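S.K.: Shown below is the structure under consideration.
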Amino acid sequence: MPVRPQAGPRPDATGLLLLLVTVIGWGLNWPAMKVLLEEVPPFSMRVVCATIGVSLLFAIAARRGEALSVPAGLFPRLVMISLLNVTAWMGLATFSLLWLAAAEATIVCYSMPVWAAIFAWPVLGERITAKRVLALALGLAGLAVLVLGRGVDVGMEKLPGVAVALSGAVLFSLGTVVTKRWPVAMPPASAAAWQTALGCTPLLVGAILTERPAPEEWSAQSWWLLLYGGLGPLGLCYLAWFAALRRLPASAAAAGTLLTPVVGVTAAAFFLGEPLGLRELVALGLIIGGVVLAIRG
């Protein structure tokens with residue numbers, strides 16, 4: 001009697017749900033930030049959201065009984081990772097929206113896994129494969145379509161935004177690889193809270209030196225969006241992401257983040273009326289294709 005092959009392990013439904021919550025929350029934040037920049041200066045926007053998010057994360061860490069202090073000798077590493085993963089990402093991604101539509105900024109920023117695959121060679125010793133070279137080529141082709149798809153003149157106007165968003169994506173990718181090489185041995189909520197707090201400190205300095213926000217003039221809509229940005233993408237989504245990583249294979253979680261730019265582009269078209277035509281779809285397809293190849297290595 002033939003033996004029936006055993007079925008493989010079933011996907012963790014809770015992990016998949018947590019991943020879905022994460023990518024939806026992160027994706028919706030891009031059009032939200034674009035709207036906020038009409039009233040709230042970029043540094044101030046990030047600082048207010050971070051204050052809400054950090055407060056929530058520390059409260060959750062305390063509720064869970066997690067250690068809130070940074071282990072001895074870990075602080076310099078934590079600062080370096082925070083500058084790459086938070087300061088560069090949150091600051092540069094936000095500023096890119098001054099030149100780019102929310103959909104365009106989302107597409108550029110989520111080329112991150114392509115650059116992470118490149119940095120993995122010198123930092124982690126992972127060899128450069130043909131797939132990774134092709135991934136880089138697809139990612140660059142997607143950026144070219146996004147910038148120059150409507151002509152050189154339009155492309156030059158958007159070039160500063162693409163450069164800023166791309167710098168954020170590259171530095172975040174470097175931070176991801178550095179974190180994998182030298183991990184931060186801290187509980188998840190406490191680690192996220194400390195990284196966000198330390199990473200947003202330079203943004204606070206920037207707000208003090210260059211901006212004169214007038215919170216009393218901000219509309220109710222702006223305050224609701226700031227609350228969402230702090231509680232959702234910077235608070236609960238980070239916790240959901242860490243929880244999903246514990247339940248799902250790393251490759252599956254990384255592939256799942258590809259839904260984030262799809263959510264961001266779709267939400268920007270629905271809520272902001274941004275164009276969602278052939279240029280955006282081709283650029284999104286090329287970059288996602290590159291990211292898939294980079295993940296598979």
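Just so it is clear, none of the values below were taken in a lab; they were calculated from the coordinates. Here the structure is a predicted model, which is why all the values come from computation and not from measurement. Here Cβ is always computed from backbone atoms with ideal geometry, including for glycine, and neighbour counts include all displayed protein chains.
S.K.: Between L204 and S55, what's the calculated FRET efficiency when r is the beta-carbon distance and R0 is 25 Å? Round to 0.05.
M.R.: Efficiency at R0 = 25 Å is approximately 0.95.
S.K.: log₁₀ I(q)/I(0) of the chain at q = 0.13 Å⁻¹, via Debye over equal Cα point scatterers, no solvent, to two decimals?
M.R.: -0.93
S.K.: Another one. For each of F242, F95, count neighbouring Cβ atoms within 10 Å of the residue's Cβ, then give the residues from fewest to most.
M.R.: F242, F95
S.K.: Can you pull the one-decimal nm distance between simple spin-label points at L276 and K131, each 7 Å off the Cα toward Cβ?
M.R.: 3.0 nm
S.K.: Which of the lysines could a cross-linker bridge to K34, judged by Cα under 23 Å and excluding same-chain residues fewer than eight apart?
M.R.: K158
S.K.: Dipole of segment 58-175 (Lys/Arg Cβ +1, Asp/Glu Cβ -1, origin at the Cα centre): which of L97, A137, A120 lies farthest to the positive side?
M.R.: A120
S.K.: How far is it, in nm, from the label point at L124 to the one at T266 when both lie 7 Å from their Cα along the line to the Cβ?
M.R.: 2.9 nm
S.K.: Still on this structure: With unit charges on the beta carbon (Lys/Arg positive, Asp/Glu negative), name the residue among L84, W26, P71 whose Cα is farthest towards the positive pole of the charge dipole of the chain.
M.R.: My answer, from the dipole projection, is P71.
S.K.: So which lysines pass the test for K180, namely a Cα distance under 29 Å, with those fewer than 8 places away in the same chain ruled out?
M.R.: Those lysines meeting the cut-off are K131.
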